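In what follows, a structure is listed as C-alpha cells, so that the remarks can point back to it.
What follows draws every value from the coordinates through simple rules; no lab data is involved. Note that the structure is a prediction, hence the values are computed from the model and not measured. Note: ideal-geometry Cβ built from the backbone for every residue, glycine included; neighbour counts use all protein chains shown.
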C-alpha cells in the first residue's frame with residue numbers, strides 16, 4: 001500500500017508528481033461522493049497556484065469547485081455551515097502563512113464542533129495547506145505550523161511524504177468524519193512516484209510507516225523531511241551505520257508504537273522536522289520515547305529542526321532547513337555516546 | 001428612541017400599517033406572541049435566580065429584547081434554519097428548545113443545549129460573530145440542494161465590528177445566499193456603547209455589500225414578525241441576502257457577572273422600560289379585545305409551572321460522570337483520547353479504592 005512497497009508487474013501504476021496525484025485523488029473523491037466540494041482562492045479556472053485543482057471546475061462545475069472571495073476565515077467559516085448541511089468541503093489555503101486569518105474558525109469551530117454538539121454534528125472538512133520551505137519563496141510562503149494544529153484536540157493532522165501517499169491519504173482524509181488538516185510538503189510537489197490508481201484504497205492513514213529497518217539509529221520524520229532522512233540513511237550506511245526510517249504520516253493521532261518498538265531495538269532516536277525544535281512535534285516524540293524507552297536508550301533523543309526564529313529570507317534557508325548533513329551530524333552525536 | 005424605524009405598533013399599542021410589510025393579525029396570533037414573550041421572560045427571571053443561588057454558573061439576561069426575538073422566531077418556517085447568540089431566548093422559546101436543556105449549558109454539564117436537527121437552530125457559539133459565516137455556508141448548502149428554505153442569522157451590535165461578520169456579508173453577497181442577517185442593536189456590547197462600534201446606523205453598512213437593509217423598532221413584535229417574514233420569503237425565492245437592524249435595548253446586565261451601573265446611566269432604563277415590548281403588545285391586545293382574563297391567567301399559570309420545573313430540575317441535577325468528558329472529541333476513535341481516558345479511569349479507580 002505504501003510507495004516503498006515495490007509494485008509488482010501485475011499492478012499497473014502511473015508515474016505522477018505529488019501535484020498530479022493530489023489532483024487525481026480529489027477527482028476520484030468527487031466522483032465517488034456528490035457531497036464533496038472544493039473551495040479556495042484561485043482554485044477554479046486557474047487550478048490553484050500550484051495547479052492541484054487543475055481542470056476540476058471545468059469537469060465538476062462552479063457549485064462544486066468554488067472560487068472563494070479572498071478571505072480565509074470566510075472559507076473555513078462557510079465550510080462549517082456547509083458541513084452542518086451535510087456537505088464534505090475540501091478547502092485550499094493557498095500557503096501555510098495564510099492560514100492564520102482562519103485560525104479562529106479552525107481551532108474554535110471546526111475542531112470543537114463535534115464535541116460541543118455532543119456528537120450530533122460532524123465536521124467532515126479537509127483543510128489542505130501547502131507547507132514548508134525549500135522553494136526560494138518570499139515571506140509567509142515557507143512556514144511549518146503543524147504543531148499548532150496537532151496540539152488542538154478535535155483536529156486530525158495528516159501529511160504525505162510522496163505522491164503515492166498523497167493519492168491515497170487525500171481520499172482517506174475526505175472520507176474521514178472528523179476534520180483533517182492536510183499539510184502538503186510543497187517542496188515535494190514535483191517529486192515523482194509510481195501511483196496505483198487501480199487497487200481499492202485500504203489501510204489506515206493514522207499510523208506510522210516503517211520505511212527502512214536498521215540496527216543502530218531510528219530516524220523519524222514526516223512530510224518533506226522523509227526524503228531527507230531516507231537519503232541520510234543511505235549516506236550513513238556507507239559509513240557502516242544502519243538506520244531505521246519511520247514516516248509518522250499522521251501527527252494527530254500520533255502512532256508512536258512503531259517508533260518505540262524500533263528504538264527499543266536501536267537505543268538511539270533522532271526526530272527531524274522543518275519547524276522550530278522548541279515545543280515542536282519532536283518535543284512530544286522525544287518525551288514519549290524517553291518515557292517508554294528509558295532503559296533501552298544509549299543516547300539522548302536528538303531533535304534536528306528549525307531554529308527558534310521566524311522563517312528567514314530565502315537566501316538563508318539552505319542553512320535554516322535540516323538537510324542530509326545535519327541529520328548525519330546528529331547521527332554522529334548519538335553514535336558517539 | 002429613534003424615529004427612523006419601521007414600526008407596526010406604536011408604544012401605546014396602536015396598530016399602524018406599512019406599505020412594504022403588510023401583516024394579517026388575528027387574536028390567535030397575538031395570543032401566541034404574548035404567550036411566547038411571557039414564557040421567555042419567565043425563563044429569564046428564573047435563570048437569573050438560579051444563578052444567584054449558585055445553581056448556574058452564568059446567565060445572559062434577555063429583558064427588553066423579547067419583542068424582536070419572538071417576532072423573528074415566528075417569521076421562520078419550521079424548515080428554515082437559524083443561527084443565534086446565547087441571548088436569543090425568545091427564538092429558543094418559539095422554536096421549541098426545552099428550557100431545561102437550555103440550562104444544561106449554564107449548569108456546566110454540556111457545551112450545547114439542544115439537538116439542532118429537532119429545532120432547526122445551530123448550537124450557539126460564544127465567540128462573537130463567528131456563526132455569521134456558518135449561516136452563510138449553511139445557506140450555500142441550501143442553494144446547492146435546491147431547497148425551499150432560508151437562514152436567519154442573529155448577532156448583536158458588537159459583532160458587526162468583527163471580521164467574520166464582514167466576511168459573512170461578502171460571501172452572502174457574492175453567492176446570493178438565502179440568508180437574512182438580523183442585528184439586535186441593544187446599544188451595549190458589555191460596557192461599550194454602539195457608538196464605539198459604528199458612527200452611522202448599522203443598517204447603512206449593508207449597502208456597501210450590495211445587500212438591502214431595513215431598520216426596525218426592535219420592541220415591536222409585529223414589526224419583527226412582518227419584516228423578517230418578508231425578507232425570509234424573498235431569500236427563499238432567490239432574492240438573496242438582506243439585513244435587518246432591530247433597534248432595542250438590553251435592560252439587564254450583559255451577564256449575571258456584569259455590573260452595568262459602572263458604565264451606563266440608569267435613567268436610560270426608565271426610558272426603555274416605557275417602551276417594553278410586552279407592555280406594548282398587551283396594550284394593543286386590550287385595544288382589540290384579545291386579552292381576556294382567562295387567557296392571561298392561563299399563561300401566568302403556565303409560566304409558574306415552567307418556573308417550578310426549572311427550579312426543581314436544575315437543583316436536582318447530579319454531577320456528571322467524569323469520564324463523559326472524553327466523549328465525542330472525535331467521530332472516530334483517536335489513539336491519544338483513548339489513552340488519556342484510560343489513564344483517567346485508572347486514576348479514578350485508585351482514588352475511589354484508597
The alpha-carbon center of the range A:171-197 and that of the range B:259-333 are separated, in whole Å, by 50
Eigenvalues of the alpha-carbon gyration tensor of the range B:27-320, times 5 and square-rooted, give semi-axes in Å, largest first, of 28, 22, 21
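Given 10 °C and 1.306 mPa s, compute D for the range B:54-164 with the Stokes-Einstein relation, Rh being the Kirkwood radius over Cα pairs; round to the nearest whole µm²/s.
Numbers: Rh = 14.6 Å.
Once the numbers are plugged in, D ends up at 109 µm²/s.
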Can you tell me the alpha carbon radius of gyration of the range A:216-337 divided by the globular rule-of-thumb value 2.2 N^0.38 Å? 0.99
Which of A:238, A:139, A:197 moves the most in a Gaussian network model of chain A with Cα springs under 10 Å? A:238
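Can you quote the Å³ per residue value for the convex hull of the Cα atoms in the range A:14-195, rounded to an integer? Show your work: numbers first, answer last.
Numbers: hull volume 18.3 nm³, N = 182.
It comes to 101 Å³ per residue, whole-number rounded.
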Can you order the peptides A:240-251, B:64-75, B:21-32 by their average number of other Cβ atoms within 10 Å per residue, highest first? B:64-75, A:240-251, B:21-32
Asserting the computed 222 nm helical MRE of chain B (DSSP H runs at least 4 long, -39500 (n - 2.57) per run, divided by residue count, to nearest 500) equals -14500 deg cm²/dmol
In a GNM of chain A with a 10 Å cut-off on Cα contacts, which of A:125, A:201, A:309 has the highest mean-square fluctuation? A:309
Calculate the length of the line joining the C-alpha centroid of the range A:72-121 to that of the range A:276-337, in whole Å. 32
Principal semi-axes in Å for the range A:146-279 [√(5λ), Cα gyration tensor, largest first]: 25, 18, 14
Relative to the longest principal axis of chain A, what angle (0 to 90°, nearest 10) does the C-alpha long axis of helix A:281-293 take? 50
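Which whole number in µm²/s is D for the range A:75-161 by Stokes-Einstein, with the Kirkwood Rh taken over Cα pairs at 20 °C and 1.002 mPa s? Don't skip to the end; give the middle numbers.
Numbers: Rh = 13.6 Å.
It diffuses with D of about 157 µm²/s by this estimate.
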Within the range A:14-195, what percent of beta bridges assigned by DSSP are antiparallel, to the nearest 5? 15
Measuring from centroid to centroid over Cα atoms, what is the spacing of the range B:144-164 and the range B:174-243 in Å? 10
Remind me, what semi-axes does chain A give for its equivalent ellipsoid, largest first in whole Å, using sqrt of 5 times each Cα gyration tensor eigenvalue? 33, 21, 19
When the range A:225-276 is reduced to its Cα atoms, the Kirkwood hydrodynamic radius in Å: 12.1
Take the Cα atoms of the range B:76-233, build their convex hull, and give its volume per residue in Å³. 114
With no solvent and one point per C-alpha, what does the Debye sum give as log10 I(q)/I(0) for the range B:272-354 at q = 0.14, 0.16, 0.21, 0.23 Å⁻¹? -0.72, -0.81, -1.05, -1.09
How tilted is helix A:257-266 with respect to the longest principal axis of chain A? Cα atoms for both, answer in degrees (0 to 90, nearest 10). 20
What distance in nm separates the two pseudo spin-label positions at residue B:301 and residue B:77, each 7 Å out from Cα along the beta-carbon direction? 3.7
Between residue B:344 and residue B:117, with labels modelled 7 Å along Cα→Cβ, what's the label distance in nm to one decimal, could you check? 2.5
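So how many Å³ per residue does the convex hull of the Cα atoms of the range B:240-290 work out to?
Values: hull volume 7.6 nm³, N = 51.
With only Cα atoms used, the range B:240-290 gives 148 Å³ per residue.
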I need the calculated FRET efficiency for the pair residue B:27 and residue B:126, taking r as the beta carbon distance and R₀ as 56 Å, to the nearest 0.05. 0.90
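What is the ratio of the Cα radius of gyration of the range B:102-160 to 2.2 N^0.38 Å, where N is its residue count, to two decimals?
1.28
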From the convex hull of the Cα coordinates of the protein assembly as shown, what is the mean projected area in square nanometres? 34.7
Which residue, B:194, B:127, B:337, has the most motion in a Gaussian network model of chain B that connects Cα atoms within less than 10 Å? B:337
Here the whole-number average of other chain Cβ atoms within 10 Å per Cβ of A:61-68 is 2
Rounded tilt (10° steps) of B:277-288 against the dominant C-alpha axis of chain B: 50
